[in-house]
């Protein structure tokens, strides 16, 4: 019983054999998939996959890498897309100062647009942050002061201090296959200490395949490997961690539960 809380089923590497990818994941115990968009032109295909597959849900949003190309995207477009019954989240959005593919000011402005939509709709905000801890934390804290909104940090790789700040603000933290990497000791320490009810697991497929699949195209089926590893870090069973993270998923993504 596992949910891959963040995957890109319509990306190259998965979409060519999408149905088989989904079936392999189901055979590995995956009972749900959150299919993530990163550009507006992807929204229709992402939603179509969710319409076709009863255990797949969709998010709509703009990745910070794509911010410059969507600088004029207003809240209305997101609000309209979010009305679809299979759309359960806003994002992924956020800040990426590692690659700087888009202007930082544009990234920050579009991040705030997404936050406003998450607040208005009640749909959880899926946050990407890389090398931008200070600005991400400051924006989320400031925006929370204007009115609370549900949110998570996906593919968490930041510091323990950032994790504490996000938990204090009510966010959930999602762990990807990176936590299984040999050089991820700090992240493993964070994974060990996260509150039971604020933890999710994901693949970010087709990226970041966990051990023992490194070097391969990542698939949602591999979330089972990440879950087993995290369970070991937390001195629990894979079954118990699967049940807990599945419960956490539906507690956060209430539209999926409904």
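Every read-out reported here was derived from the displayed coordinates using simple, explicitly stated rules and does not represent laboratory data. Remember, predicted model here, so these are calculated numbers, not experimental data. Cβ atoms come from the backbone with ideal geometry, glycine included; neighbour counts cover every protein chain shown.
A compact table of results
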quantity	calculated
Unmet requirement for residue 187, which otherwise passes all of (1) within 13 Å of residue 156 (Cβ to Cβ); (2) in contact (Cβ under 8 Å) with a residue 60 or more places away in the chain	(2)
Verdict on residue 63 being on the phi < 0 side of the Ramachandran plot and over 15 Å from the mean Cα position of the chain (by Cα)	no
Filter result for residue 109 (out of contact with any helix residue (DSSP H, G or I) (no Cβ under 8 Å at 6 or more places or on another chain), within 21 Å of residue 81 (Cα to Cα) and exposed (fewer than 15 other Cβ atoms within 10 Å of the Cβ))	yes
From 148, 160, residue being without any contact (Cβ under 8 Å) to a residue 40 or more places away in the chain and in contact with a helix residue (DSSP H, G or I) (Cβ under 6 Å, 6 or more places away or on another chain)	160
Answer residue from the stretch 66-106, given it is in a strand (DSSP E or B) and in contact with a helix residue (DSSP H, G or I) (Cβ under 7 Å, 6 or more places away or on another chain) and is surrounded by the most Cβ atoms within 10 Å (Cβ to Cβ) among those	90
Filter result for residue 202 (surrounded by 18 or more Cβ atoms within 10 Å (Cβ to Cβ) and in contact (Cβ under 8 Å) with a residue 60 or more places away in the chain)	yes
Subset of the stretch 16-65 that is in contact (Cβ under 8 Å) with a residue 60 or more places away in the chain and within 30 Å of residue 98 (Cα to Cα) - its residue that is surrounded by the most Cβ atoms within 10 Å (Cβ to Cβ)	61
